[in-house]
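Presented below is the structure to which this report refers.
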Amino acid sequence: MADTTNPPSTTNIMSIPTPSTIEGARTEGISFPIKSLDDNGRNYRTWQMRMVLLLQCAKVWDVVDPAGPPMLSDMGPQQDVWLDKDITALLHINCHIGDNTMLAINEATHA
């Protein structure tokens, strides 16, 4: 018979503190710590892999993927959908890069 007076402790992953250099990404109400791209790009490969997955889960990868469809000026109502996805992707990217990288791409208007 199981001891119900002292149930096993469980740790809520949301309550675990993360270092200040790690920002959380929130998808479907779940938060994931993703380390920002450092300014010298040493962690680019792992950052890129995480960002692709994050952008896919956020359903905005198609506006970032080089093989995806480009935005066309005559897309009609679909253009608003594309622009909403684009600004969401740009937000995710900008929130996961270092300050120097942010300053280097501050003119970017699309993901």
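Taken over region 37-49, residues that are part of a helix (DSSP H, G or I), free of Cβ contacts under 8 Å to residues at least 24 places away in the same chain and not aliphatic (A, V, I, L, M) amount to 4. Considering (1) in contact with a Lys or Arg (Cβ under 9 Å, 6 or more places away or on another chain); (2) at pLDDT 85 or above, the lone condition that residue 53 does not fulfil carries the number (1). Just to be sure I understand the filter: pairs with C-beta atoms under 7 Å, separated by 6 or more residues or on different chains, first member in region 91-104 and in contact (Cβ under 8 Å) with a residue 40 or more places away in the chain, second member among the hydroxyl-bearing types (Ser, Thr, Tyr). Which pairs pass? Taking only residues 6 or more apart or on different chains, the pairs are 96/36; 97/36; 98/36. For the residues 52, 81, 64, the requirement of being exposed (fewer than 14 other Cβ atoms within 10 Å of the Cβ), of a type in the set (A, V, I, L, M, F, W, C) and under 23 Å from residue 38 (Cβ atoms) singles out 52. Of the residues making up region 78-109, those that are within 15 Å of the chain's Cα centre (by Cα), under 19 Å from residue 61 (Cβ atoms) and not acidic (Asp, Glu) are 85, 87, 88, 89, 90, 91, 92, 93, 94, 95, 96, 97. Residues in region 71-100 that are assigned to a loop (DSSP other than H, G, I, E, B) and closer than 16 Å to residue 54 by Cα: 95, 96.
The values are calculated or read from the model by the stated rules, or taken from the named source; none is laboratory data. Since this is a predicted model, take the numbers as computed values, not measurements. Note that each Cβ is placed from the backbone with ideal geometry, even for glycine, and that neighbours are counted across all protein chains shown.
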